[in-house]
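Here is the structure we will look at.
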Amino acid sequence: MSTDFSIRPVGTPAATPIVQAPSQAAGKAVATELPARKSVTVADTGAAVRNDPQTGSNSVSHQAFIDRAAGSIVYQVVDNRTSLVVQQFPDEAVLRRRAYFHALDLTKSALERPLATDRKA
């Protein structure tokens, strides 16, 4: 599952980071003698690139549930120590707005529907 909560069709190619090999000029560069505090080292390009700061951390848990009033799925990141919601998608304001418009749609359709006791003229 990706971290952006988007749904993609099966078989869609996944984006992979492009790692460029060091240039030939860097490989043929002349060695210099610098003090350790002024020297620069080449980054290890073979290391895996991750954008997951929560790896190995048990301080948060991920939850998903269905909000029936809003008619949508809600994803939450909850702090295990305090049981507080750290992050939520969609926001609480969006859920309230969806629930309000869903209730309006239900009342509108109930008013437009003829009752069983109504006669046809």
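Remark: spin-label model distance Val86-Ala69 equals 2.7 nm, labels positioned 7 Å along the Cα→Cβ axis. In a reduced charge model with +1 at each Lys and Arg Cβ and -1 at each Asp and Glu Cβ, region 59-113 shows a dipole moment near 140 debye about its Cα centre.
Taking other Cβ atoms within 10 Å as a rough exposure proxy, Ile73, Ile18 sort from fewest to most as Ile18, Ile73.
Residues Val19, Val86, arranged from fewest to most other Cβ atoms within 10 angstrom of their Cβ, appear as Val19, Val86. Here each label is just a point 7 Å from Cα along the line to Cβ, and for Arg96 and Leu34 those points are 5.5 nm apart.
The modelled label-to-label distance between Val77 and His62, using points 7 Å beyond Cα along the C-beta direction, is 1.0 nm.
Read-outs throughout are calculated quantities, based only on the coordinates presented, and are distinct from any laboratory measurement. Just so it is clear, the structure is predicted and the values come from calculations on it, not from any experiment. Glycine also receives a Cβ, built like all others from the backbone with ideal geometry; neighbour counts cover every protein chain displayed.
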